[in-house]
Amino acid sequence: MSDLESRLTAALQAEAAPAYDPIFRVEVLMRLERARFRRRIVLTMAVALVAAVLVAANAESVRAWMTTDVGVFSVALGAAASLFTLSGVPVEALPGARGLVSAVSRWLYL
């Protein structure tokens, strides 16, 4: 047997697991998290760019809608403000929120 085969045979017959390196594991997890963060940033920037282009392309019609239908605009603005303020609140923190969200989703997606 060659030296490589004997080392491989000895490694396969050994009972002990290889040494655990926590620093290496943390570094691998950090690399994975950085890559995930970069992907999320790129996706967020792409969505923001598309939204900006759509708003710029439809600015005149949005302005005309806002000035002619103030009531609907105020409701839309209030809904957007409430969604923005509640976006970071966990559902468990609000007692009736789960039922309310369920009812609204059923109503919206009939």
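The values are calculated or read from the model by the stated rules, or taken from the named source; none is laboratory data. All of these numbers come straight from a predicted model, not from anything done at the bench. Here Cβ is always computed from backbone atoms with ideal geometry, including for glycine, and neighbour counts include all displayed protein chains.
Annotations for the structure displayed:
- Some residue of segment 5-14 being out of contact with any Gly (no Cβ under 7 Å at 6 or more places or on another chain), β-branched (Val, Ile, Thr), under 30 Å from VAL104 (Cα atoms) and not assigned by TED's automatic domain parsing to the domain that holds VAL101: no
- Hey, ARG31 without any contact (Cβ under 8 Å) to a residue 24 or more places away in the chain, surrounded by 10 or more Cβ atoms within 10 Å (Cβ to Cβ), in a helix (DSSP H, G or I) and more than 24 Å from the chain's Cα centre (by Cα) or not: no
- Within segment 55-79, residues that are farther than 27 Å from VAL104 by Cβ reach partners that are in a helix (DSSP H, G or I) and of a type in the set (A, V, I, L, M, F, W, C) with beta carbons closer than 9 Å, at six or more positions or on different chains, in the pairs THR67/PHE73.
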